[in-house]
Every structure is written in C-alpha cells, then in structure tokens.
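Beneath this line is the structure, given in structure tokens, with notes to follow.
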Amino acid sequence: CGHDGHTSMLLGAAKYLAETRNFNGTVALIFQPAEEGGAGALAMVDDGMMERFRIDEVYGMHNMPGIPLGQFAIRKGGIMAAPDRFTITIKGRGGHAAQPHKTIDPIFIGSQLVGSLQAIAARNADPVHSIVISVTRFDAGTAYNIIPDQATLWGTVRTLSEETRDLAENRIRQIVEGIVSAHGATSEIDYYRQCPVTFNHDLETDHAIGVATEVVGASNVDTNVEPTMAGEDFAFMLKKRPGAFIFIGNGDTAALHNPHYDFDDEAISYGISYWVRLAEQRLTE
C-alpha cells in the first residue's frame, strides 16, 4: 500500500534538509518497521525512541487512493480507528447429522452469534459513534453428515473512541457467554486489542494544515476528512507525543491492500515538500 513511496518521500526530505540546514533544532526521521499489524511503532516507543532522540512532536503520513494527486486531507481528533480482533471457539458435542438431538451443534450456535453480534452496533452503541463488527471467518466441520465438536469464529472490531471500544468488547463477551451457555455448550474468547485510535492533536493538526496549505494551496487541503475505520499503529506514537497524521492524495488507483493498487510516483514530490516545510516551520528561530 505504498510504503516504498513513503520511504522515498522521507529520504528525499532527509537529503534536502541535510544539505540546506534551514532549521534550528533536531529533526528525527522515523522509518518505522512492522506497520501492518506488527506494532512496530509500539516497539520503537518502548525502546525509548522519544527520549533518546528528544522528540517533542511527531508527525505521520499515508497515501490515500481516491484523494486527487496534489491534495492533502486531515482532521482533528480520531482520523483512523482502533482495530481489534477476536477469535471465538465454541465447544459443543459432535455426532451424526441425522441425530442432531444427541449433539450440541456448534455450527448452529455460531450462526446465531454471527447475527447477534451485529446488535452491538445496531442496538447498543450510540448511533453517532462509529463502530464496525465483522465476522470474517467461520471454521467448522469435516463432512456433510457429521456435526462437529467445535466451531471457531474470527472477526474484527473497529471503533473511534475508547468508550465504544470498551463497550464492544464487553458486549461481545456477554453475548457469547449468554448464547453459548443457553445451548449447553462452552466457549473461549481470545480478544486482542491492536493499536489505539489514531488521534490528531489540535495544535499540531493546525501546524500540519498550515504546511499543507503552503505546499498545495488551501483549496487542495481537506481539513475535515471523514475518518476511516482502518487502523494505523502510528497511533502508539501519538499516544506518547502530540502530533498529527495526514493523508496525501494518490489519485484514482485501486484501494489500499488491493492487488491492483499502484503508488503514483508523482506524489513523492508533494510528500517531500510537506516534510521539508514542516521541519523548517516547526524549527524556526
């Protein structure tokens, strides 16, 4: 999804800043590993990066298909969701499919869970607070005439606030326990919280908007873009230091993580200019 392009932008900015030195202070250029679910940002924070390099503010960027080339988009507050994941294992009692009354059917129970979990978004969460709950995998069974002993559901939860995040996890546990126990089965839930909400701080977002406006003009900067329910582990850095995360336009290519996605190299110059002016403006006399 374009991390080679992001790296090129930062390398270009590094080259220019090193040659011109038109700033007072220190610029730390962060080439973060393991961004896609590997919590590379958390590892760097835990390793003392902020203290070691005396980082006071932190800024990030990601290209975004659908935003025209030469444009930026940002918002204050939550711009990307907290992406959590869960695995629910239902343990029943298998048997012959011709004698379901002698079994505790985990497929039947799991099917009820798939629908019931949607009630969290529809009937438990405040409608103005975004939440996505998706069951994305259902593993069970080995043959057409056998009811298996167990079934496993996999899924993801996306939220834009810690309150909604807590609500979702608690309700998932309650719903699973209630439905599973009602049918005489047992369950195990592995609920894993990945990165937090990517939360842009007000003042630093204003700095980012000012720089982007200087680079491409006010008409090409969306200052209140809709949040995306995708996650971004740069959020760990924003929990440690004030800062802002911005989207840079990548034109009409296919979506991120799509096999037909293509990074537009023309975006690199806009990215370099943004990073250079951000460093120069934030580190003036």
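The values are calculated or read from the model by the stated rules, or taken from the named source; none is laboratory data. Because the structure is predicted, anything quoted here is derived from the model rather than measured. Note that each Cβ is placed from the backbone with ideal geometry, even for glycine, and that neighbours are counted across all protein chains shown.
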>> For region 41-69, which positions are surrounded by fewer than 19 Cβ atoms within 10 Å (Cβ to Cβ), touching a strand residue (DSSP E or B) at 6+ places or on another chain (Cβ under 6 Å) and of a type in the set (A, V, I, L, M)?
In response: LEU69
> If only one of SER134, SER111 is modelled with pLDDT of 95 or more and part of a strand (DSSP E or B), which one is it?
Replying inline: SER134
> Applying the selection to region 6-40, what residues are at pLDDT 95 or above, surrounded by 15 or more Cβ atoms within 10 Å (Cβ to Cβ) and among the small types (Gly, Ala, Ser)?
Replying inline: SER8, GLY12, ALA13, ALA14
>> Could you list, ordered by first residue, the pairs with Cβ atoms under 8 Å in which the first is in region 230-250 and under 20 Å from VAL45 (Cα atoms) and modelled with pLDDT of 95 or more and the second is assigned to a loop (DSSP other than H, G, I, E, B) and aromatic (Phe, Trp, Tyr), at least 6 apart or interchain?
In response: PHE245/PHE234
>> Scan region 72-89 and tell me whether some residue there is of a type outside the set (Asp, Glu), more than 19 Å from the chain's Cα centre (by Cα) and not assigned by TED's automatic domain parsing to the domain that holds SER219.
In response: yes
> On the given criteria, is VAL221 assigned by TED's automatic domain parsing to the domain that holds PRO65, within 12 Å of GLN71 (Cα to Cα), crowded, with 17+ Cβ neighbours inside 10 Å and in contact (Cβ under 8 Å) with a residue 60 or more places away in the chain?
Replying inline: yes
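Taking ILE67 as the residue in question, decide whether it is assigned by TED's automatic domain parsing to the domain that holds VAL157, in contact with a Phe, Trp or Tyr (Cβ under 9 Å, 6 or more places away or on another chain), at pLDDT 95 or above and on the phi < 0 side of the Ramachandran plot.
No, not satisfied.
Considering only region 144-232, give the strands (runs of 3 or more DSSP E) lying wholly within it that have at least 2 residues that are charged (D, E, K, R) and under 30 Å from GLN112 (Cβ atoms).
Here the list reads 186-193.
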> Got at least one residue in region 70-80 being more than 14 Å from THR228 (Cα to Cα) and buried (at least 17 other Cβ atoms within 10 Å of the Cβ)?
Replying inline: yes
> Of all the residues that make up region 14-59, how many are more than 24 Å from the chain's Cα centre (by Cα) and of a type in the set (Val, Ile, Thr)?
Replying inline: 3
